[in-house]
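Beneath this line is the structure, given in structure tokens, with notes to follow.
The values are calculated or read from the model by the stated rules, or taken from the named source; none is laboratory data. Small disclaimer: the values here were computed from a predicted structure and weren't measured. Ideal geometry is used to build each Cβ from the backbone, glycine not excepted, and the neighbour counts take in all protein chains shown. Side chains are part of the model used for accessible areas, which takes the heavy atoms of the whole protein and leaves out ligands, DNA and RNA. Shrake-Rupley method; radii C 1.70, N 1.55, O 1.52, S 1.80 Å.
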Amino acid sequence: MKDVLIVGAGPAGLTAGLYAARAGLDTLLVEKQMPGGQAAQTNIIENFPGFENGIGGPELAMAMEAQAQRAGVQVLYEGAEEIDCAGRRVRTQSGWHAAAALILALGAQPRRLGVPGEEALLGRGVGFCATCDGALYRGRPVAVIGGGNSAAEEALYLAGIGCEVTLVHRRDSLRAEQAVARRALENPRITPLWNSRVASFAGEEKLEALVLDDGRRIPVDAAFVAVGRTPDTALVRGQVDMDAQGFIVAGEDCRTSMPGVFVVGDARTKALRQVVTAAADGAMAASQCHKA
Ligand code: NAP
């Protein structure tokens with residue numbers, strides 16, 4: 001049995017691991033994909049302190065993982081198939097892993113618009129990560145849907161690789177932080193389409209156009225949906241308290257309603273979801289583990 005078991009290798013989980021291992025706790029971290037979580041899918045992170053010119057998301061993720069491993073965290077690249085909060089144990093492909101303290105760093109995943117064509121054309125023009133798939137559409141007409149930081153940043157990334165970007169938003173202003181919003185709106189390759197909602201994604205073999213709810217048809221080769229995130233907390237539903245959207249309820253001490261179980265990062269109820277606040281959660285939860 002381990003001292004600490006962490007599920008998820010995003011910035012929150014990796015920081016929890018770093019702090020736990022440095023405190024001398026025997027720490028296992030399990031992860032289903034790659035290190036870095038959503039941060040690893042961000043082209044450039046401009047607001048993580050210490051990097052004057054920003055840092056690439058994948059680069060930051062790899063550095064965080066290397067630092068955690070160097071501190072002594074054992075990282076197992078197997079997805080959690082079952083989580084037993086009361087038993088503070090997790091089942092992966094290789095069996096059950098148990099610990100005195102369990103840290104849930106489950107993260108979030110892109111929210112769907114839920115309109116016709118979205119699932120059918122997924123990977124054939126419709127996507128959720130321009131940084132991952134945008135290069136396929138270099139120099140071509142594309143759309144980004146949403147008005148938050150993700151949408152503005154995805155639009156800027158696509159404009160930067162020569163795409164003509166239509167930014168479709170349901171309001172008449174962006175909610176992205178001011179610096180990013182201004183850059184997006186000043187970019188000559190980004191055309192905002194205000195007060196507009198996507199009714200469907202049209203195309204047979206691949207995406208051909210967006211159809212708006214007023215009937216307008218916007219021809220595009222790709223569309224990236226950036227309308228927020230939903231927490232990846234299905235595996236612990238009913239085991240710890242959650243809010244109506246599925247975020248796990250915890251204060252700054254990251255303690256859930258189940259003793260010995262902590263939640264860190266984007267899956268926690270909080271006001272600001274950023275890499276820096278995810279990392280802060282990780283440090284906080286790990287520092288509480290010896291009291292678990
Ligand atoms: P977000 O801030 O929640 O914004 C979601 C956007 O999508 C909003 O503009 C919202 O419109 C729109 N939207 C939601 N549901 C929709 C629907 N059904 N149809 C049409 N539009 C819809 O999400 P996000 O941009 O993914 O960001 C998530 C979190 O990560 C935020 O806390 C953000 O600050 C953070 N983040 C930070 C950075 C950074 O600082 N570098 C980068 C990316 C993300 P309304 O405005 O009308 O609600």
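Structure notes:
- Scope segment 119-134; condition closer than 12 Å to residue 207 by Cβ, crowded, with 19+ Cβ neighbours inside 10 Å and either within 15 Å of the ligand (Cβ to nearest atom) or without any contact (Cβ under 8 Å) to a residue 12 or more places away in the chain (or both); matching residues: 126, 127
- Any hit, segment 6-26, residues being at pLDDT 95 or above, polar (S, T, N, Q) and open to solvent by less than 60 Å² (accessible area, probe 1.4 Å): yes
- Screening segment 83-110 for residues that are under 26 Å from residue 39 (Cβ atoms), out of contact with any helix residue (DSSP H, G or I) (no Cβ under 7 Å at 6 or more places or on another chain) and at pLDDT 95 or above and picking the one that is most open to solvent (accessible area, probe 1.4 Å) gives 93.
- Residue match in segment 222-237 (condition: among the acidic types (Asp, Glu), within 21 Å of residue 176 (Cβ to Cβ) and in contact with a strand residue (DSSP E or B) (Cβ under 7 Å, 6 or more places away or on another chain)): no
- The criterion of being surrounded by fewer than 16 Cβ atoms within 10 Å (Cβ to Cβ) and among the aliphatic types (A, V, I, L, M) does not hold for residue 61.
- Test: residue in segment 38-51 that is open to solvent by less than 70 Å² (accessible area, probe 1.4 Å), over 18 Å from the mean Cα position of the chain (by Cα) and under 28 Å from residue 272 (Cβ atoms): no
- Lone unmet requirement of (1) farther than 25 Å from residue 124 by Cβ; (2) more than 16 Å from the ligand (Cβ to nearest atom); (3) at pLDDT below 95 for residue 204: (1)
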